[in-house]
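Since the structure comes first, as structure tokens, the remarks are kept for the end.
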Amino acid sequence: MGGRFMSSRYVGARVRRREDPRLLTGGGRYVDDIRVDGCLHAAIVRSTHAHARLVAVRLDAVRRHPSVVACFTFDDLAGILRPLPAAGTPPPPLAARVGFRMREASQYPLAAGKVRYAGEPVAVIVVNDPYAAEDALALAAVDCEALPAVVDAGQGLAPGAPRIHEEWEDNAALSFSVRVGDPERVFAEAPVRARERFMVPRSAGMPLEPRGVLAVPYPRGQVLPPNDYAITVWASTQVPHLLQRAITESLGLPAHKVRVVTPDVGGGFGTKTSIYPEDVLIPIIAARLGRPVKWIETRREHLVSATHSREQLHEAEVAASSDGAILAFRDRFLLDQGAYNPWGIVQPYNTVAHILGPYRIRHAAFDARSVVTNKTPHAPYRGAGRPEAVFVMERMLDLLAARLGMDPAEIRRRNMIRAEEMPYDVGLLYRDGHPLIYDSGDYPGALERVLEAVGYDGFRGEQQALRTQGVDRGIGIAAYVEGTGIGPYEAATVRVDASGKVVVATGACSQGQGHETTFAQIAADALGVGVDDVTVIGGDTGEIASGVGTFASRSIVMAGNAVARAAQEVRGKLVRAAASLMEVAESDLEVAEGRLFVRGVPGRAMTMAGIAQASLPTFQAPRVADPVFEATIYHSVPTVTYASAVHAAVVEVDPEIGMVGILRYVVVHDCGRVVNPVIVDGQIHGGVAQGIGGGLSEEIVYDEAGQLLTGSLMDYAVPRARDLPRIETIHLDCPSPRNPLGVKGVGEGGAIAPPAVLANAIEDALTPFGVRITTGPVTPARIVALVSASRSKARKPV
């Protein structure tokens with residue numbers, strides 16, 4: 001059924017983003033742009049210790065500050081505070097097969113008794129002047145009894161390590177093992193084996209807009225009308241309905257009295273998928289005070305308290321035949337979870353589910369452990385376990401190719417799953433508990449396209465000549481398969497109003513993905529209207545009762561298909577009404593340009609506005625059976641679709657100072673049916689930019705006391721415009737058979753391969769020096785150290 005759902009005037013067209021004129025001319029409306037009379041401002045007192053017992057939180061001096069309205073600690077709000085929502089519990093089929101050992105420790109919005117990371121909220125100060133907030137914070141005194149800090153996963157598992165959560169017997173939050181085939185036997189018999197240890201660095205999403213919350217309660221002392229909300233919350237979040245649920249549970253209000261709205265959101269990347277302490281604290285305090293309260297995160301706060309990601313330590317091994325066929329793979333890894341685990345199995349199991357990628361590997365073994373430490377909690381960030389998996393596998397393939405004296409492209413050719421093998425059963429279960437079966441794709445085709453586009457053979461011919469001239473250039477390849485569009489559902493409502501215009505509401509909310517455009521394209525095609533006749537509203541719980549949100553490359557698969565199906569249902573209602581009103585058969589009607597007309601007689605027609613108005617009942621009788629041109633669809637799927645790509649990069653490296661220049665970057669990508677090539681290109685380019693940052697410069701670093709050393713953009717080096725190459729993008733079109741639109745997700749894909757492809761390219765460039773890259777990011781300092789160590793080793797007497 002993939003790709004055969006509707007006519008395609010707009011779907012597949014390069015429609016310009018409808019959001020851009022507003023956003024590019026300063027017309028965007030973010031949380032901090034929303035002004036409310038009498039608004040108070042919140043500031044968060046945070047722990048300066050990574051691990052300590054709370055002795056006292058002294059706020060008397062704070063309360064005497066003339067701008068301070070109120071202060072709150074855990075004890076002040078103990079009766080209303082609830083544990084923050086957590087996700088990532090394995091579904092029963094997956095739990096039965098894998099046997100996870102999983103521990104839970106609840107995080108409350110304010111710390112009680114103990115702090116477990118520097119930056120954990122301890123108290124809230126409410127002021128009437130935002131400029132006085134820092135002064136008030138400086139008056140807060142937090143008395144602590146410092147405890148030894150655990151600052152890496154290996155240390156956390158050591159005998160006698162300080163326990164982050166005393167009720168646990170050790171610091172392992174999650175552990176599991178997975179087997180496919182008989183890897184032990186195959187490794188024992190394999191003629192070729194290669195092993196390596198890899199470290200993927202800690203990093204963060206760093207959206208341009210930090211987090212923010214504005215809560216406006218209904219005025220105290222006034223009777224709440226039945227058609228109004230007890231509290232309205234504007235939040236920079238990716239999951240408004242999940243946040244609504246958390247607020248209703250804390251305030252004891254029915255869901256229909258709590259409205260959560262995501263206005264324009266300046267990037268999310270998974271960082272805004274968690275429910276944070278501030279997300280519920282601000283509504284609780286606003287309700288307690290009976291006044292609007294706003295909190296806007298600073299960049300320093302974001303680095304110290306918004307969730308981090310990545311940081312995995314892998315010990316990987318591959319077994320192969322002498323001609324390069326991969327026989328088996330195994331991997332043991334640790335994940336540094338930080339102080340809490342809000343997303344359960346998601347990150348480590350995503351790594352396991354994606355590590356075999358597009359390669360035919362029938363025997364594999366994985367052992368994973370997620371370990372709590374005294375760092376900011378770890379949660380999904382664009383890719384969510386996949387960049388780590390791809391880094392390990394693709395580095396191992398280059399290592400194996402070198403061991404066999406084989407070209408890296410050739411070893412991939414010999415092991416890629418062929419298009420005629422689809423659907424392909426990997427032998428694992430996906431995170432949703434269903435068999436991990438690739439639905440469609442042409443992985444060898446993508447490899448050949450990227451090699452041709454980047455000029456791989458020509459580069460290899462020139463590379464040695466360049467080296468004789470002192471120019472160190474290298475080329476790297478990396479491929480991946482990505483599960484996208486995870487369920488269980490997403491909702492969409494489509495309605496035609498009295499003027500004949502179309503309104504689309506969905507639980508998916510945009511943080512820059514272009515939903516106002518793509519969802520309008522889908523609805524316009526289904527209803528036969530112009531794209532400018534469609535208004536898209538996302539992430540407003542007042543417009544649609546239920547929703548899941550935007551993350552995990554799911555919006556086009558889940559919400560897009562919900563929009564398409566709801567619009568088709570509305571189209572059917574319009575056709576039935578028009579047939580009744582015009583006294584013709586439904587099969588005689590066509591729909592185009594906002595009109596329904598009799599086939600072959602275009603002059604005999606009704607506009608959608610005319611149908612909406614003429615369908616209403618009169619004093620005489622109802623005119624049509626159903627005069628409401630609206631439909632709501634909850635689109636659900638049992639399992640995901642699988643997007644894929646192959647990336648290639650050409651780099652030039654200066655071994656003396658470690659600088660890397662990216663000369664070419666090519667992506668051949670398959671996300672099924674492309675709804676809007678302009679938006680897909682933008683998604684891929686943005687992902688590649690973040691992946692380049694992860695590969696070359698971004699790393700969150702703590703000292704041995706658990707203090708953040710990279711607490712500003714002077715230290716945490718996101719890529720600048722001048723650091724990025726022109727990204728060449730080629731689209732393959734392998735529609736998914738698992739949804740009516742034939743689409744696959746695209747939001748995370750661009751970020752998955754760059755760390756691996758760049759490491760491969762840099763190592764290729766430095767082949768004369770014999771260096772091996774096992775740790776990211778590949779910074780100038782690391783390159784210089786590797787080259788220096790290689791030279792020192794070469795100078796040592798035998």
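The values are calculated or read from the model by the stated rules, or taken from the named source; none is laboratory data. Given the structure is predicted, the values throughout are model-derived calculations rather than measurements. Heads up, the Cβs are rebuilt from the backbone with ideal geometry, glycines too, and the neighbour counts pull from every protein chain shown. The protein model used for the area step is the full one, side chains on, heavy atoms only, and it has no ligands, DNA or RNA in it. Shrake-Rupley method; radii C 1.70, N 1.55, O 1.52, S 1.80 Å.
Could you report the chain's accessible area per residue, 1.4 Å probe, as an integer in Å²?
37
Note on the chain: with charges restricted to the Cβ of Lys and Arg (+1) and Asp and Glu (-1), its dipole about the Cα centre is near 240 debye. Comparing 527, 234, 273 along the charge dipole axis of the chain, the residue lying farthest to the positive side is 527, per the Cβ-charge model.
Altogether, the Stokes-Einstein calculation at 20 °C and 1.002 mPa s, with the Kirkwood radius of segment 661-707 over Cα pairs as Rh, returns a diffusion coefficient of 159 µm²/s. In the complete set of protein chains, residue-level accessible area for residue 101 is approximately 100 Å², probe 1.4 angstrom. Take the Cα coordinates of segment 379-468, assign each an equal point scatterer, and use the Debye formula without solvent to give log10 I(q)/I(0) at q = 0.12 Å⁻¹. Summing over Cα pairs of segment 379-468 leads to -0.54.
Local charge sum around residue 118 (other residues, Cβ-Cβ under 11 Å, Lys/Arg +1, Asp/Glu -1)? Taking every Cβ under 11 Å from that of residue 118, the sum is +1. All distinct Cα pairs of segment 122-227 go into the 1/r average, and the inverse of that average, the Kirkwood radius, is 21.9 Å. Once the gyration tensor of the Cα atoms in segment 620-660 is diagonalised, the equivalent ellipsoid follows with semi-axes of 62, 16, 9 Å, ordered largest first. Using the rule -39500 (n - 2.57) for each DSSP H run of four or more residues, divided by the residues of the chain, the 222 nm mean residue ellipticity is -8500 deg cm²/dmol. Based on alpha carbons, the Rg and Dmax found for segment 549-655 are 22.5, 88 Å. The dipole here belongs to segment 141-287: it is taken about the Cα centre, uses +1 on the Cβ of Lys and Arg and -1 on the Cβ of Asp and Glu, and is about 480 debye.
Once the convex hull of all Cα atoms in the chain is built, its volume per residue stands at 186 Å³.
Pairwise alpha-carbon distances in segment 5-136 exceed 19 Å for 70% of all pairs.
Convex hull volume per residue, computed on the Cα atoms of segment 674-798, equals 189 Å³.
Working ranking of peptides 60-69, 445-454 by packing, defined as the average number of other Cβ atoms within 10 Å per residue, highest first, is 445-454, 60-69. With kT/(6 pi eta Rh) evaluated at 37 °C and eta = 0.692 mPa s, and Rh the Kirkwood radius from Cα pairs, segment 724-764 diffuses with a coefficient of 254 µm²/s according to Stokes-Einstein. Per atom type, the chain shows carbon and sulfur on 52% of its accessible surface, probed at 1.4 Å. With Rh defined as the Kirkwood radius, the inverse of the mean 1/r over Cα pairs, the Rg/Rh of segment 272-403 is 1.17. For segment 167-317, report the % of Cα-Cα distances exceeding 20 Å. The calculated P(r) of segment 167-317 puts 62 percent of pairs beyond 20 Å.
Placing +1 on the Cβ of every Lys and Arg and -1 on the Cβ of every Asp and Glu, with no other charges, gives segment 79-144 a dipole of roughly 720 debye about its Cα centre. Farthest toward the positive end of the dipole of the chain, out of 158, 441, 465, is the Cα of 441, where the dipole comes from beta carbon charges about the Cα centre.
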